[in-house]
Structures are given as C-alpha cells and as structure tokens.
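Read the structure below first, then the notes.
The values are calculated or read from the model by the stated rules, or taken from the named source; none is laboratory data. Nothing here was measured: the structure is a model prediction, and the numbers come from that model. Every residue, glycine among them, receives a Cβ derived from its backbone with ideal geometry; neighbour counts consider all protein chains shown.
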C-alpha cells in the first residue's frame, strides 16, 4: 500500500475532525496508508513516502522545508492539495507555483454542484457530477499549466473545482472542495481524493474487464439490460452471452454483433477471454452456476436474490475469497430515488435515531403462472420484491441483527406453490425493529415506508415527495422532501468497474447480500416453528 504524509493545521478549519475523516476513508478504501502530522519539518525527509496530502491554511515554510517538499514532487513524488492548501504558505513562491492556484475569496457555506468536465481522465473516469455542501472557493491561477477536471458555477461564472498538473517528474492534484466535515463526508469528494491518490502515485488503469451474461431469456429482457448496462461503463465490455435456447442466443448476437455465444456454462467458464460473468437465471440456479464460475477463476455478479439459503451464500463467499475474486449481487435498487432520499434524510438526522421501520409491497391478485410463482425454483414469494425491501431496510438500519420472526400465509392461491403473504419482523441491537410485509392477498394496503425515529418520522407511499415530521428543532415541523433525482441502475456496474480497475470499495458486498438471504430464510424457519430465530454471521 502506498504511504502518504498528511500535513494538517492552520486556521479557520477543523483540521482534527476533517483529518480523521480523511484518514479513515483513505485507509478503509485501501488507497494509501496516511500518516497525519502538523510538523512541517517532516518535509525535510520524505524518503519513506509516496505522496504528500496537504490540508493546511496560512503560515509559511522555511526555505529548507519548501525545498524538501517541492524537490520531492519534482523528482517523482505525488502531491494532493485540498481546499485551503491554496491559501497556505502563500509567501513561498515555489510552493504556490507547484500547487498552481491561489485562493482569493469564497462565498458562504452552501450546497452547489460539482460538474465533471473530463469524464475520460484517470481521476474522474466513471465519477458522476455531484452536489456538495461546502465553501465555494474562487481561485487565481499561478500557472497556465493545469488541466481542469471539474468545475462549479458561482453567480454566473464558472470556476475550477479540481485539476491536475505535472510538476517535474511528479504529479499534482488539487481540489477546491473540503471546508468542513460535511464536505469530507461527501461520497463524490471522497471518490475524487481516492482516485487522485492512485493518479499521483502512478497507478493508472490498464486493460478492460471482458464481461459475459448467462441467461438471455425473455423475462423482462434482463439479460439484455445487463449487457447494455455493462457496455455503458468505461472499462467494461460485453464479449459473450450464454443461453440454452438457440433462438435467444441468436437474438443476443443480433443485439450485440461482436459477441461470442455459448450454449453451455461449462464452455463459457473455460473461456480465457472472459473475466467477469453476470448470472441472470432462475433463482435456484444462481448457486451452482456461480460456484462453477468462481472455481473457473471468473469474477461473478449474480442477479438478486443472491441465492436461496445461508449455506449457499457462505459457500460462494468462501470460494471467492479463496481465489481473490469479486463476488456481488445486483441490488440495483440501492440507486432508486426514494431509497436515496430516505437515506439522506436519515443521515442528516432529521428524525433522530431510527428505531422502527415498516416496509410494505403488495395487493390482491393472482401472482401469475410461471417459475417465479413456484417455490422450488423461486425460493418463495419473499425472494422477489422481498429481497429488494430487505436490502433497503438493512442499509437504512445499520445495526447488528439479533433475531428474525416470520409469519407466512397460504390461504387463497393454492394453484401455485409460493406463499400468499409473507412477513418478517427483525430485531436489531438496542431493541430497534423492522417489519417487512409482502402480499398477494392484501385487499387493503398501507404505506410503502413508515419510519420512526427519536426526533420524528418518515411516511412515503407514492409520488414525488417524502413526508417528514420532525421535532429536531424542539417544535413540530411538517416537511415535504422532493425525491433525489439522478440515481441510475448503471451506477451498480460503475461501482463494479471502480472496484476491479481502481481498487475502490465494492458497494454491494457478498456479505451484505448474505444478510438479505438470512432474513428471507430465517423468516420462513420462524414461521414454521413459531419462534424467533437468531441471525448468524452478525458478530
């Protein structure tokens, strides 16, 4: 792992709190091992470091300190300047020329957009434009020799928010963002800094992940959807499709003329020209197919649900770990507008500490005659939409699960084998609870989301708003929060590419997918026994 000297200190900023956030996310992402200090004499000997990250303000460097830092970068070291680094050591001309800009003013802390202007650069590839609550910095160029990667708009003028430049044999990255903890906690900001670490230390993406899809059947055209989504992502390319039906394989070839087609999983698994495979088959086939691919050395994405039981999930996780392969499941709805909005409301503390979540999906009507209604193949009614709702809930309630209690009904639709009504009651540490319901015999419905917190609650059924009742300010406030727009299911494969090509954390880990399967399986076990069941793998 690359070693970074993180220089902190100065005025007008909470360097201790922001420095801790910076250290934590750089370390957890594996970008580098940061060593934080306020001792400028560290610049006198940088021989043990790969890069310097500067988050300082004001003051000055001695000639020896300035010379040590600039010579380090000029001779091939990396440098990352954050926010007030352009307002630090301003009387050190050599340093200012290296950074490339000088702070000359700012507006109040507010929310604004950071627009990615070069989506093909190593730093910004696959990073989308984002909004951030921050101090908008106005910069004066100290050199014409820098390449702008992102901009922001302030009162009718466009200003650089992030740029890179060469300095001798070294590389410099600077971002104007980073005033306080809100900015440092912003996902877009963190991704830029993570990528910048790789860039300034010479870790450039090489090659393309060659992807295949197994299952090009007609159900919702999901095979085609996956292939199209893969092809939208820089660094990923669909090269093969496997389907037992010759007509479906031929359709795939028409849709993607350059691909190879296979009629057996064994043949695809043996192909050295495929790096990653997405499994889009009936639920009971996910486990055997994924295991075959993992044993053949392929990265694997499995359509939801991950598999049918906890043991299958554990076998898959252990096989991927043993071979150091990526394993994930397509929980694409983590990028749905309503989920993103509710998650943001909770993160901002509008309702305090959430202690109870209710989630519901259903109606009254026959579930249809196909494999999704046949329990030996589907796993049961809960394994369809229930997988999405469970994944959402576990992300909104980030606490250790203790037990699951299930209530299942089979009362009306006896010509299919799935349950008519499923309910899971999850108990989390601290007495927190979640109540998940999915039904095909609910003649009277309920809200999609009802969430209670220590300072308020959330209610959402349909439409473009989330209803929030908050007592955070000491009195009752009724707030209609518009849905966050811009979430895209393509973001799932963007993250897969970021993980495989840029070393970034995987958004949907197999361990998180196993937690979902645990709820679905244990709810049914509890329904049979009438007793709550403890949740494994939560220590």
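Couple of notes before you dig in:
- Tally of residues being exposed (fewer than 10 other Cβ atoms within 10 Å of the Cβ) and in a strand (DSSP E or B) across region 465-481: 1
- Any chance residue 394 is under 24 Å from residue 492 (Cα atoms), within 20 Å of the chain's Cα centre (by Cα) and not in a helix (DSSP H, G or I): no
- Subset of region 482-511 (residues that are in a helix (DSSP H, G or I) and out of contact with any helix residue (DSSP H, G or I) (no Cβ under 7 Å at 6 or more places or on another chain)): 494, 495, 496, 497, 498, 499, 500, 501
- The helices (runs of 4 or more DSSP H) located wholly in region 221-339 that include 2 or more residues which are farther than 30 Å from residue 521 by Cα occupy 222-231, 246-255, 265-269.
- Residue 52, sole failed condition from (1) over 16 Å from residue 189 (Cβ atoms); (2) assigned to a helix (DSSP H, G or I): (2)
- Residue count for region 440-464 satisfying the condition of being assigned to a loop (DSSP other than H, G, I, E, B) and surrounded by fewer than 18 Cβ atoms within 10 Å (Cβ to Cβ): 13.
- Options 190, 157: the member that is within 22 Å of the chain's Cα centre (by Cα) and assigned by TED's automatic domain parsing to the domain that holds residue 33: 190
- Residue selected from region 414-439 under the condition part of a loop (DSSP other than H, G, I, E, B) and touching a helix residue (DSSP H, G or I) at 6+ places or on another chain (Cβ under 7 Å), by the criterion farthest from residue 369 (Cα to Cα): 419
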